[in-house]
1. Rounded to the nearest 500, what is the chain's calculated 222 nm mean residue ellipticity when only DSSP H runs of at least 4 contribute -39500 (n - 2.57) each, over all residues?
2. Roughly how compact is region 661-750, stated as its Cα Rg over 2.2 N^0.38 Å to two decimals?
3. With a 1.4 Å probe and all protein chains kept in place, how much accessible area does ILE245 have, in Å² rounded to the nearest 10?
4. Given labels modelled 7 Å from the Cα in the Cβ direction, how far is it in nm from ALA659 to ARG626?
5. Can you tell which of ALA382, VAL515, HIS423 lies farthest toward the positive end of the dipole of the chain, using +1 and -1 charges on the Cβ of basic and acidic side chains (Lys, Arg; Asp, Glu)?
6. For region 272-367, rounded, prolate or oblate, judged on the Cα gyration tensor with a ≥ b ≥ c (square roots of eigenvalues), a/c < 1.5 rounded, else prolate if a/b > b/c?
7. Between helix 340-349 and the chain, what is the angle of the helix's C-alpha long axis to the longest principal axis, kept within 0 to 90° and rounded to the nearest 10?
8. Which cross-chain or sequence-distant (5 or more) residues have an amide H under 5 Å from the amide H of VAL255, H modelled 1.01 Å from N in plane?
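The values are calculated or read from the model by the stated rules, or taken from the named source; none is laboratory data. Just so it is clear, the structure is predicted and the values come from calculations on it, not from any experiment. When we count neighbours, we look across all protein chains shown, and the Cβ atoms used for this are built from the backbone with ideal geometry, even at glycine. For accessibility, only protein heavy atoms count, side chains too; no ligands or nucleic acids. Shrake-Rupley method; radii C 1.70, N 1.55, O 1.52, S 1.80 Å.
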Amino acid sequence: MTSARYVEDPRPDVRVLPPRAAMRSDAPRIDLCGRWRFDLAPRVEAAPAGFADPGFDDSAWAQLPVPAHWQLHGYGAPAYTNTRYPFPIDPPHVPTENPTGSYRRTVAVPEDWAGARIVLRFEGVDSCFAVWVNGHEVGTAQGSRLPSEFDVTEAVRPGADNVVAVRVHQWSAGSYLEDQDMWWLSGIFRDVALLARPAGGVDDVFVHAGYDGGTGTLRVDAPRGARVRVPELGVDVAAGDEVRIEGVQPWSAEVPRLYDLEVVTPGERVDLRVGFRTVRIADGVLTVNGSRVLLRGVNRHEFHPDRGRALTEQDMLDDVLLMKRHNVNAVRTSHYPPHPRFLELCDEYGLYVVDECDLETHGFVHVGWRGNPTDDPAWGDAFEDRMRRMVERDKNHACVIMWSLGNESWAGRNLERMYRYAHDRDPGRPVHYEHCPDGRWSDVYSRMYASHAEVELIGRREEPARGVDPVQDAARRAAPFVLCEYAHAMGNGPGGLTEYQELFEAHPRCQGGFVWEWIDHGIRTRDAQGREFFGYGGDFGEELHDGNFVADGLLFPDRTPSPGLHEFAKVVEPVRIAGIPDGRLRITNLYEVLDLGHLRFSWTVEEEGVEVGSGELAVPAVAPGRSVELDPPAAARGTAETWLTVRADLAAGTPWAPAGHRIAWGQVQLAQRPRVPVVRGTGTPALDRVGGVLTGLAGVAVDGPRLDAWRAPTDNDRIPHDSAADAWRALGLHRLRHRVVEVRDSDGDVVVHTRTAPAALDACFHTTARWTPLDGGGVLLDVSVRPEGEWPGPLPRLGLVWSLPAGLDRVTWFGRGPGEAYPDTHRASRVGRFTSSVDGLQTPYVMPQENGRRAGVRWAELTGTGTGLRIEAMPSGEGDPETFGLTVRRWTSADLDAARHPVDLEPGDRVWLTVDLAHRGVGTASCGPDVLPRHELHAAPARLRLALRPV
Ligand code: GAL
């Protein structure tokens, strides 16, 4: 056993072999994934002595799969912090309590490997490790999400069983560079293999495949004497020769055309799939093959709720397919290079990638960036080594259109070294870095969470100067703009996507961005009663943690798309279908390469949500960037509210979706909702004259309504300092009290005046409810709400809450659906008629919060056991809303607010119905801009007329 000084030494071990491209080779390879013997010790010194010796007896040890994280197999526990280091800031030192895993296995090496150079390759080990083969130490490495190779030729005995021993430390100097916002998870979490490297083999290859106006250019740097062949193109040239090839089809995310390329020497043949494409910044705009690209991107961490960052190929494919099916065209590999297979999938299926280095020193922000390694020359080699290992591994992927130095590591000389390395080695790709005030180490101007207003200024190249150097400032202003993170998808949201997209489409410089983030990192776990839920920070006994900030993705942890992903897919759809004022339809092609010939357009006409006509729509093969105007294929035939829906679906299957997959849709209203005459009935509404509420309707035990101005705070309401939710709680919106001021009879109606207010405040809402009996046993409720006094700041909602028997467990509605919708997240919902169980209306956010609202509801019916209830908006014709927002739950907003995980929510014997007169948008204030002014809700008079009838 050697000393473990390497753990706290940031300098790369010279025994690690020079990095090289990931390739498929015909050279012999032994996969070392599978079960290894494993022992976890609490400290380096407590790790079993002599464990690397071939004769060491490990028979009493347990087994652990490789790849895996030990914390997800019962050793230690996962821990989540966002930016704070979970250990004292004392670089490069780490705590003595440094969990250390010892791994052992044997590998039978064939006899015919004798004479070959033998290399042991690790694709990713978190965070630092030392390796022995047959008791000989062969090297150490850091850089968790980067490959390391060791020459083990001297140590291996071909024709015999060989013992590979690996000691992995949870913390190391490298941990200071790996402070990404994610779970701290350790171990050998990517593949391990033993490689026989043939003499005269192809150790490394660098493919340069460009494209310009129909001509491809190809040069492959490879060992002298190697042949380069692209059989499909008839190319057979020597390594290093540059060829021009006419008639090549270019690679793009939309048409990811790849060609098989082989590089052959007498000793080895490697196979690559290459795409011809040229990335260039031209006139301040980022282009691929000469076309401006608009990045409809997501930030992707590698995550699985059971496996953490140890993904299977299927997990990666699931991500790629889900992205492609939701109109995503770009990925930032936040904040480390992904498993190499993921990039192959991006090449094949077509996704632009910003490949980001494994670097984040964010925790130093908490000490004013004092001691930040980014500007400390002692760490310079470590920084450059990380960049080098990423660039060398991934340089042959067409999908990688930019290199990124890392994330949130502030500024300093070591970034300069990374930037230079990438530029010098690979002039064919721009370099990205966000976290530096003057943009010195970035070829694009990158920001995160900039507000819409600022993005607009940037779009006009009128943004305020940042940084002190005017030359640098001018360079930045001339650069393309990307939002490397925007639209924080935490919980209910993100709001404001549409308005960002409008800016990206209006300003050529604004080239889109990457939503934060792709998937919630909730770890599947169980409560004391054995009920399964997705755990977040604090659920695993961490003394320092950042709660559910780790659950901020467009996918739930189990990869179910959240409403946010549906909204994103709709907002960024590459075809826009809209009505225009002259009554015609406009179909706009927002693709960059594809014409519309690959889509099949169809239409339906619905009267009050019931289909009355349908057909195909002939749409020409409109070129990218162009649009066509067409007469609508149908007209309204009666007086019912009528909508035309036009859909654009894949005409034929693609590798990522079957024929018929929906790409885009649009709706045009053909006939307005008719006024429904109100026919007065005779009975008297069943009102509680003390409580001022309805107590029954035709035998249905209705109780309500009571005015509500509260919602269970969303993450966006709750997370910021001085949050909206803090203000609402301070006002007491969650504990409103009602005083019935008056119940009087008036011309056969009953009028109830209620004053609603929280304790300790003199502001209030006056609600006047006029109840009119309707023909057929229903009632008409004409309700007006008038705020009085000071109601500072925005309100979450103005709604009417009712409780109903739990047997009413189905809801049918005519309005927006099928999914939830809030004022700034309603694009994905269309007007139609929908049915759901009450349970099906709930969105299981990892942290319970307001959810499940349906917007623009004209009427809804709650049915189930016994008589049901129909509730219908009856416009007065005086400009009051013709629709309402609808939430139906088996629990109250207070229950939702109190719950910490969905399993905490237990159905009671009532169903709670909330009918919104008005509701606030959701915004993205958990990280980024709050609700835009147009989606805010301020205290103001409101009115709604509702007919309630038995069904
Ligand atoms: C950014 C950071 C991400 C993530 C996000 C908030 O500042 O780059 O890693 O922490 O904030 O979820």
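1. It lands at -3000 deg cm²/dmol.
2. Working: Rg = 21.2 Å, N = 90, 2.2 N^0.38 = 12.2 Å.
Dividing the Cα Rg of region 661-750 by 2.2 N^0.38 Å gives 1.74.
3. Counting only protein heavy atoms, ILE245 exposes about 20 Å² to solvent.
4. Going from the ALA659 label point to the ARG626 one covers 2.6 nm.
5. After comparing all options, I get VAL515.
6. Values: a/c = 2.01, a/b = 1.20, b/c = 1.68.
It is oblate, given that a/c is not under 1.5 and a/b is not larger than b/c.
7. Here the helix axis deviates by roughly 60 degrees.
8. The answer is none.
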